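K.L.:
Mind looking over this structure? Questions follow.
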Amino acid sequence: MDINVFFSKKEGLDSVYEIDIFSASDDELKEISNQLGLALSLDELNKIKNYFQNKKRIPTDIELQALGQAWSEHCCYKSSKIPLKKFVFGISEDRIVAREDAGIIDFDDEYYYCAALESHNHPSAIEPYGGAATGVGGIVRDVVCMGAQPVAYIDPLFFGPLDCSYKQIPKGVKHPRFLFKGVVDGIRDYGNRIGIPTLAGQVYFHEGYTGNCLVNVGCIGILKKEELIHSRAKAPGNIYIYAGGKTGRDGIHGVTFASAELTDESEESSRSAVQVGDPITKEPLIHATLECNKKGLLEGLKDFGGGGLSCVSGELAYAAGLGAEIHIDNIPLKDEGLAPWEIWISESQERMMFLVKPENVKKVLHICKQWDVIAVEVGKVIKDKIIRVFYKNKKILEMDLEFLTGGPVYDNCTRPFIIKEIDRKKTNDPNFSMPDLNDALIKILSSHNVASKEWVIHQYDHEVRGNTVIKPLQGKINRETHGDATVVKPLEHSFRGLAVTADVNPRFMERDPYFGSCAAVDEVCRNLVSVGSWPDSLLDCLNFGNPEKPERMGEFYEACRGLGDMARTLNLPFVSGNVSLYNESIKSAVPPTPGLVGVGIVKDIRKCVTTDIKKQGNSLYLVGNQTEYELNGSEYYKALDVDGGVVPKSNVDLLAKCMKGVYTVIDEGYVASCHDVSEGGIGVCLSEMTIGGEIGANVDISKVNDKLRSDVKLFSETTTRWIIEVKNGFEKDFEKTLKRLETPHLKIGKTGGNKLHISNNNSVLIDQPIKDIDAVWRNAIFKTMG
């Protein structure tokens, strides 16, 4: 279909075209959208057509490109706004100081902490190194543009199975091993070079991510309360100052590319949508930005994210009920010959937009020059709620910001959803013969989802800046085990700390999106409490498939409902988050994946505990919920290649009581080590505790719900459970405190020896030397990745 007949050069400008969408048929409109990379629906195109008909003029290419960016799922959340408002927003909102590029919440009387979580899924699937690196680069800008000093990175990552054969890889898709290595390399090189520790995260492998890996990136920052700056203008006359890297053709159509399914042609057709990171430019840009803000020279601040100059210019003005005029001739360019529309929507990295009073412009430009950061004036804020763009002294874009930046919102009629029926009735023990449980434990420990993530963690610098108190790997040097959460001390003068963790179980989510989401909140809270912190806020990165498919929207609604039900009862606000849709390839959609990050407050970092067993002869307790037959989606069933039963059902009221109980006994000093029970159940939890301390355990699980078969007791993944090592001599105080706080607990054994020994009614279930389970657990990913 030839659409060139609808294009004509704008008078006096060779590089700007007017596009006669009024004369185009519906099919021709769709082809115009396709060839321009707008990713707009026919209904949206007709709304645009009506808008310009009312304005009595033909739109330019730069105007259509701007609408394509602003109306993308990535930028305007058109499919997700309604369920988010219904279920996720409105929880403890009084505690949230700001929710803009990042969320702001109280740390203490003088400081806020700042948190942000984003996705960089599609770019990482095409170019894993660059996609992951620029994801890290983008999230740190979100924190800096609130006036905060970044103190930690978080990176939840999801890939296809590392050991899948090449025959299982669809056309146009890279092997999970290549993606895994590229993503980790990208995060490592960018994060390490700008000197911010990567403290926490998650690595999960599942067949559903083979065609579409997920790369979520988070950042935590700290700032003085008086240094908080907002992502909005203050008054007409504020000057726009562009600061940072030059603009090029990298990252063009990044947000529209991320708002469509991946195809077998995406590698070739969308390569230019992946940005190119430059951490060496980012480092001085962070310093210059924070110095300008600290000196009170900035009126507003925002980073160049999705949509580039197009979105940052309009959003700064729109948030204040004002407008903007931008002169793109002034934009520093990497390459000659960029068309105005390319300059307008490029997502080239390492760029910030300052808003400055006219009298402070010279001071800001001087500070940027001192840091060797490019900075130029590019426009001003105006009173009218309109954005105008000029090129060679000619106006090439003019639109009402309400129309451009407001964007469409899809209701249940436009985005219908279907919620699948799920049989949640609990059943009796499994209907298969129980395998040798020593063999089963070894197989689970060698699963890549359970095995040591040292291969990843040791590539990241989690020690830089010297503020990491509790590290991602915990225990004896060179024998460390997995921690539940990490803790950072952000201020020199205070022992107050921030704990950070990330979690979601995709196998629960694909079977039951509601209780899978509940389980994710449950585990995040358990992890935070395990180190002695009190859960303070949540961040959610909602990764789902194509919202145009009712089943996918049904998963999204149920996941949001689960997150909201848990967080509301626990008074945990969602301080920041992101929605990433269209995570779907030729093969299938990804499992519904609401990646969660939890932030906890540590009153005194000196009271924190870790997961590794500390001493011979201490008592071990199982604390929390009664173990049930909840093995659907479990690592045990995956190892045996069976299905059935139900996913774990969280009881939020019990969780709240148990959190209080565990937090209190840690605060009182009774606890030597603590580890939450999650993937692999009690068997894996005890294994990891013994590995880190190189001290064995003698455990009897006879009283752990005597209605259950031994393997269910050992490997069930029932939520709201911890195993706690209690210091010798404090058992009575420990039990008395938990009883007072209505927290169920059961003494199950003692630490000691050099084996993990687990019995049930005098029958030995597990008898494994620590060195053997350590070797299996520690080496599984190394053997695959080399």
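The values are calculated or read from the model by the stated rules, or taken from the named source; none is laboratory data. None of the values given here were measured: they were computed from a predicted structure. Positions of Cβ are generated from backbone atoms using ideal geometry, with glycine treated the same way; all protein chains shown enter the neighbour counts. Only protein heavy atoms, including side chains, enter the accessible area calculation; ligands, DNA and RNA are left aside. Shrake-Rupley method; radii C 1.70, N 1.55, O 1.52, S 1.80 Å.
K.L.:
Rounded to the nearest 10 degrees, what's the angle between the helix 550-570 long axis and the longest principal axis of the chain, both from Cα atoms, 0 to 90?
P.N.:
For helix 550-570, the angle is close to 60 degrees.
K.L.:
Let me ask you something else. Rounded, prolate or oblate: pick one for the stretch 275-330, where a ≥ b ≥ c are the square roots of the eigenvalues of its C-alpha gyration tensor, a/c under 1.5 means rounded, and failing that, prolate if a/b is larger than b/c, else oblate.
P.N.:
oblate
K.L.:
Starting from the Cα of Asp653, step 7 Å toward the Cβ, then list every residue of the stretch 554-581 with an amide N under 14 Å from that point.
P.N.:
Under cut-off, by backbone N: 569-570.
K.L.:
All other residues with a Cβ under 11 Å from the Cβ of Phe730 taken together, and with Lys, Arg as +1 and Asp, Glu as -1, what is their net charge?
P.N.:
-2
K.L.:
Sticking with this one: For Lys302, give me every one of the lysines with a C-alpha distance below 16 angstrom, ignoring sequence neighbours fewer than eight places off in its own chain.
P.N.:
Within the straight-line cut-off, Lys302 pairs with Lys234, Lys282, Lys294, Lys357, Lys380.
K.L.:
Need one word for the stretch 379-445: rounded, prolate or oblate. Basis is the Cα gyration tensor (sqrt eigenvalues a ≥ b ≥ c); a/c below 1.5 gives rounded, then a/b vs b/c decides.
P.N.:
Prolate.
K.L.:
Taking amide hydrogens as modeled 1.01 Å from N in the peptide plane, which residues meet the under 5 Å criterion relative to Thr610, leaving out close sequence neighbours?
P.N.:
Those lying under 5 Å, H to H, from Thr610 are Cys674.
K.L.:
Can you tell me which aspartates and glutamates have their Cα less than 16 Å from the Cα of Lys246? Leave out same-chain residues fewer than eight positions away.
P.N.:
Result set, ordered by chain and number: Asp278, Glu283, Asp303, Asp329, Asp335, Glu336, Glu342, Glu347, Glu350, Asp372, Glu377.
K.L.:
Which loop-located GluC sites (Glu not before Pro) does the stretch 444-513 contain, where loop means any DSSP state but H, G, I, E or B and the Cβ has at most 12 other Cβ atoms within 10 Å?
P.N.:
Within the stretch 444-513, the qualifying GluC sites (Glu not before Pro) (loop, at most 12 other Cβ atoms within 10 Å) are Glu463, Glu492.
K.L.:
Which value, in Å², gives the accessible area per residue of the chain when a 1.4 Å probe is used on the protein heavy atoms?
P.N.:
Using a 1.4 Å probe on heavy atoms only, each residue of the chain averages 36 Å².
K.L.:
Can you pull out the trypsin sites (Lys or Arg not before Pro) in the stretch 405-481 whose DSSP state is coil and whose Cβ has at most 15 other Cβ atoms within 10 Å?
P.N.:
Here the sparse-neighbourhood loop sites are Lys420, Arg424, Lys425, Lys426, Lys476.
K.L.:
Give the shape of the stretch 25-84 as rounded, prolate or oblate, defined through the alpha-carbon gyration tensor: a ≥ b ≥ c are the square roots of its eigenvalues, a/c under 1.5 means rounded, and otherwise the shape is prolate if a/b is larger than b/c and oblate if not.
P.N.:
prolate
K.L.:
As I understand it, the value is the acute angle between the Cα axis of helix 128-144 and the longest principal axis of the Cα atoms of the chain; what does it come to in degrees, rounded to 10?
P.N.:
Around 80 degrees separate the two axes.
K.L.:
Also, quick follow-up: Rounded to the nearest 0.05, what FRET efficiency do Phe782 and Lys47 give with R0 = 56 Å and r taken as the Cβ-Cβ distance? Could you check?
P.N.:
0.55
K.L.:
Tell me which trypsin sites (Lys or Arg not before Pro) from the stretch 124-203 have a DSSP coil assignment and no more than 15 other beta carbons within 10 Å of their own.
P.N.:
Filter output for the stretch 124-203: Lys171.
K.L.:
Further question on the same structure: Let me check I've understood the local charge: for Gly680, count other residues with C-beta under 11 angstrom from its C-beta, Lys and Arg +1, Asp and Glu -1. What total comes out?
P.N.:
Value of the local net charge: -2.
K.L.:
Work the Kirkwood hydrodynamic radius out for the stretch 467-615: mean of 1/r over every pair of different alpha-carbon atoms, inverted, in Å.
P.N.:
Value: 16.4 Å, from the Cα pair sum.
K.L.:
Equivalent ellipsoid semi-axes for the stretch 619-682, as square roots of 5 times the alpha carbon gyration tensor eigenvalues: give them largest first, rounded to whole Å.
P.N.:
28, 14, 8
K.L.:
Could you work out how much longer the chain between Glu731 and Thr569 gets when fully extended? Use 0.36 nm per residue separation minus the Cα distance between them, nm to one decimal.
P.N.:
Using 0.36 nm per residue and subtracting the Cα-Cα distance, I get 55.2 nm.
K.L.:
Rg(Cα) of the chain divided by 2.2 N^0.38 Å?
P.N.:
Scaled against compact globular proteins, the figure is 0.97.
K.L.:
Which lysines, if any, have their Cα less than 17 Å from the Cα of Lys425, not counting same-chain residues under 8 positions apart?
P.N.:
Those lysines meeting the cut-off are Lys649, Lys707.
K.L.:
Report the extension gain between Lys167 and Asp643 in nm, rounded to one decimal, defined as 0.36 nm multiplied by the number of residues separating them, less their alpha carbon distance.
P.N.:
168.9 nm
K.L.:
With only alpha-carbon pairs counted, each pair once and no self-pairs, how large is the Kirkwood hydrodynamic radius of the stretch 1-151 in angstroms?
P.N.:
Over the stretch 1-151, the inverse of the mean reciprocal pair distance is 18.9 Å.
K.L.:
At 7 Å along Cα-to-Cβ for each site, give me the label-to-label distance between Arg740 and Glu93 in nm.
P.N.:
With each label point 7 Å from Cα toward Cβ, the separation is 3.9 nm.
K.L.:
Moving on. With each pseudo-label sitting 7 Å past Cα toward Cβ, what's the Gln459-Ile418 distance in nm, one decimal?
P.N.:
Label-label distance for Gln459 and Ile418, simple model: 4.0 nm.
K.L.:
Quick one: net charge of Ile418's neighbours, Cβ under 11 Å, K/R +1, D/E -1?
P.N.:
Local net charge: -1.
K.L.:
Another question, if that's okay. Measure nothing fancy, just the Cα-based angle from helix 361-370's long axis to the longest principal axis of the chain, in degrees from 0 to 90, nearest 10.
P.N.:
60 degrees
K.L.:
Please get the size of the charge dipole for the chain, origin at its Cα centre, with Cβ charges of +1 on Lys and Arg and -1 on Asp and Glu, quoted in debye to the nearest 20.
P.N.:
1580 debye
K.L.:
With 26 Å as the limit, write out which pairs from Lys614/Lys783; Lys78/Lys392; Lys443/Lys607; Lys476/Lys783; Lys603/Lys703 have Cα-Cα distances beyond it, or answer none.
P.N.:
In this structure, Lys614/Lys783; Lys78/Lys392; Lys443/Lys607; Lys603/Lys703 lie more than 26 Å apart at Cα.
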